[in-house]
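Bear in mind these aren't lab numbers, they're just calculated from the coordinates by the rules spelled out. What you see is a predicted model, and the numbers here were worked out from it, not measured in a lab. Methodologically, a virtual Cβ is constructed for each residue, glycine included, from the backbone with ideal geometry; neighbour enumeration extends over all protein chains shown.
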Amino acid sequence: MSGGAGPEPRFDDLVRVRIFERLAETGSAPSSAELARTLGWRRDEVREALFRLASRRAVVLDPESGEIWMAGPFSAVPTAFRVVAEGRAWWANCAWDSLGVPATLSISARVETRCGDCGEPLAVEVDAGRGPRGDGVVHFALPAARWYEDIGYT
């Protein structure tokens, strides 16, 4: 992509796809340096693409490092919501996203978390074809329309 002509129209999409591929495969997000190596572009070009993706809410960047923090439903850092399946594990950003991980990957999984009230361990089995099994209640502290006011908290 070098040559100064600016990003190709689909460059941001290529970066986004590679982020999700890596998260799905390994449970961890690629760094901007890794994305640059994998895609064969300069790191500054990849970082510009990450900022554009963040401005569209396709990813959330760590406010200090500028690296990937969230690519919903996946979290690039450990959270209270661990999704386990097929010998692999992923972190989800919240209760809602913990159901989104198995849905995104089209797999059955187990969500491991703790009760927000008493701290007791909780597990939810998620069937690939039917969704969560059993009874439960999820509490959202804010309405969805306000999540991006402080997405790191919500």
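Table for the structure above
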item	result
Residue-by-residue Karplus 3J(HN,Hα) for the stretch 132-140, coefficients 6.51, -1.76, 1.60, Hz, glycine and proline x	x, 9, x, 9, x, 10, 10, 10, 9
Degrees separating the helix 95-105 axis from the principal Cα axis of the chain, which is the longest one	60 degrees
Alpha-carbon centroids, the stretch 19-39 and the stretch 75-122: separation in whole Å	20 Å
On Cα atoms only, tilt of 11-26 relative to the major axis of the chain in degrees	40 degrees
Cut-off of 10 Å, at most 14 other beta carbons, DSSP loop: longest stretch of the chain lacking such trypsin sites (Lys or Arg not before Pro)	58-129
Spacing of the two label points (7 Å from each Cα toward its C-beta) at R10 and V137, in nm	4.9 nm
Angle in degrees between helix 43-55 and the longest Cα principal axis of the chain, rounded to the nearest 10	50 degrees
Exposure rule at most 14 other beta-carbon atoms within 10 Å, DSSP loop GluC sites (Glu not before Pro): the chain longest free segment	87-154
Magnitude of the charge dipole, the stretch 83-122, Cβ model with Lys/Arg +1 and Asp/Glu -1, debye to 20	120 debye
Compactness of the chain as Cα Rg over 2.2 N^0.38 Å, two decimals	1.13
